[in-house]
Amino acid sequence: MHELELVELKKSFQEKNFQEKIAVHETNVCFQHGVYGLLGENGAGKTTLMRMICGILEPSHGEILCDGMRIERMGGEYRSLLGYLPQDFGYYEDFTADRFLHYMAALKALPEEYAKQRIDELLEMVDLTAVRKKKLKTFSGGMIRRIGIAQALLNDPEILVLDEPTSGLDPKERVRFRNIISSLGKNRLVLLSTHIVSDVEYIADQIMIMKSGRMIRVGTEESMADEVKDCVWKCLVSEQEVLTLNEKYIVSNLKNQGNRVELRIVSKEKPTENAERQDVTLEDIYLYLVQPEKSSSND
């Protein structure tokens, strides 16, 4: 098992007006065995962080260490440990699944016999053996993402980086993909970034939350839930009250109940007289930490 450590890692870009834009602020995280779920809104800095971890972007400051050694010094040794599925996965539409994976195996300099055996195993794992001779342009979005995970696993990486892997998938494909990722986390380090809370709720051993380029929390769901304890409510209100409560509190769910509306609210204070406390979910935790709690004052 390998240990990956981010030390004071920062990435900034110069904008057209020559102003510095910080995409990732100083970040310190240590990754070990298991599945790490990186949550954050679009633009939070997740992709920039992952591209630095994969050696595609150079940090503006700080360093990335693999087993105590800087990854740029490791060179090919580090790349051999790495598997990467980018958010925008490029592929040749006229290639068959089989040909594409052989092409990617050649780019990774894998021995031919090993590549053939590995491709057979991976197509079976992602349930695409029956369509291996079909062109990729005939594949659905879910099938393309499965080919993406297969190419990321060709070299049997010990560090697997997946950027928004379930983006654009239907619910059935998302569940299938999550199950694959969960099984992969048993014997390697898996870093999965997403803005979809349910993608990590059931499979992540550790959860990380980014906001505006900052890593604001790292820990288990249970440890984060302690911060939101007694802050989740369910209440039944009139339609006229909904707008006022929505402006005043974080409303995580709204459900019509005849001429009344059931609201799920995340708030330190009791939002209505009839509000009842609820069990905390990861979505509640995420909303509480990422969105500033709305003021309950009349100012």
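The values are calculated or read from the model by the stated rules, or taken from the named source; none is laboratory data. What you see is a predicted model, and the numbers here were worked out from it, not measured in a lab. Virtual Cβ from ideal backbone geometry, glycine too; neighbours counted across all protein chains shown. Only protein heavy atoms, including side chains, enter the accessible area calculation; ligands, DNA and RNA are left aside. Shrake-Rupley method; radii C 1.70, N 1.55, O 1.52, S 1.80 Å.
Taking 1.567 mPa s as the viscosity and 4 °C as the temperature, the Stokes-Einstein diffusion coefficient of the chain based on its alpha-carbon Kirkwood radius rounds to 61 µm²/s.
Dividing the Cα radius of gyration of the range 29-91 by 2.2 N^0.38 Å, with N the residue count, gives 1.18.
Rolling a 1.4 Å probe over the heavy atoms of the protein chains gives the range 223-289 an accessible area of 56 Å² per residue.
Report, for the chain, the % of DSSP beta bridges that are antiparallel, rounded to 5.
Details: 37 of 56 bridges.
Around 65 percent of the beta bridges assigned by DSSP in the chain are antiparallel ones.
In the assembled protein chains, Glu58 presents an accessible area of approximately 140 Å² (probe radius 1.4 Å).
For the range 103-126, the residues whose backbone nitrogen is under 17 Å from a point 7 Å from the Cα of His2, taken along Cα to Cβ, are 108-110.
Each Lys or Arg adds one and each Asp or Glu subtracts one; over the other residues with Cβ under 12 Å from the Cβ of Lys134, this totals +2.
What part of the accessible area of the chain, given as a whole %, is carbon or sulfur when the probe is 1.4 angstrom? So the carbon and sulfur contribution to the accessible surface is 45 percent. Under the combined filter of DSSP loop state and at most 15 neighbouring Cβ atoms within 10 Å, the range 157-249 retains these chymotrypsin sites (Phe, Trp or Tyr not before Pro): Tyr202.
Using a 1.4 angstrom probe, figure out how much accessible area the range 1-45 has per residue, in square angstrom, rounded to the nearest whole. Mind showing how you got there, number by number?
Working: 2490 Å² over 45 residues.
Ligands and nucleic acids excluded, the figure is 55 Å² per residue.
What's the ranking of 43-51, 136-144 by average number of surrounding C-beta atoms within 10 Å, highest first? Mind showing how you got there, number by number?
On the way: 43-51: 22.1, 136-144: 15.0.
Highest mean packing first, the order is 43-51, 136-144.
Looking only at the range 239-253, which residues have a backbone nitrogen under 18 Å from a spot 7 Å from the Cα of Gln291 in the C-beta direction? From the range 239-253, the list is 241-253. Given their separation in residues at 0.36 nm each and the Cα-Cα distance between them, Ser198 and Glu15 gain 62.4 nm when the chain is fully extended. Distant-in-sequence amide contacts of Phe31, defined by a placed amide H-H separation under 5 Å and a gap of 5 or more residues or a different chain, comprise Leu4, Glu5, Leu6.
To the nearest 0.05, what FRET efficiency results for Glu63 and Thr96 with a Förster distance of 51 Å applied to their C-beta separation?
Values: r = 41 Å, r/R0 = 0.81.
E(calc), rounded to 0.05, equals 0.80.
Summing Lys and Arg as +1 and Asp and Glu as -1 over all other residues whose Cβ lies under 9 Å from the Cβ of Leu189 gives a net charge of -1.
The 3J(HN,Hα) values that the Karplus relation (6.51, -1.76, 1.60; θ = phi - 60°) gives for the range 102-119 are, in residue order, 5, 4, 5, 5, 5, 4, 8, 6, 7, x, 4, 5, 4, 4, 4, 5, 5, 5 Hz. Gly and Pro appear as x.
Could you work out the helix-only [θ] at 222 nm for the chain, with each DSSP H run of four or more residues adding -39,500 (n - 2.57) and the total divided by the number of residues, to the nearest 500 deg cm²/dmol? Please report the intermediate quantities before stating the final value.
Numbers: 11 runs with 98 residues, N = 299.
Helix contribution divided over all residues of the chain: -9000 deg cm²/dmol.
Rolling a 1.4 Å probe across all protein chains gives Asp230 an accessible area of roughly 80 Å².
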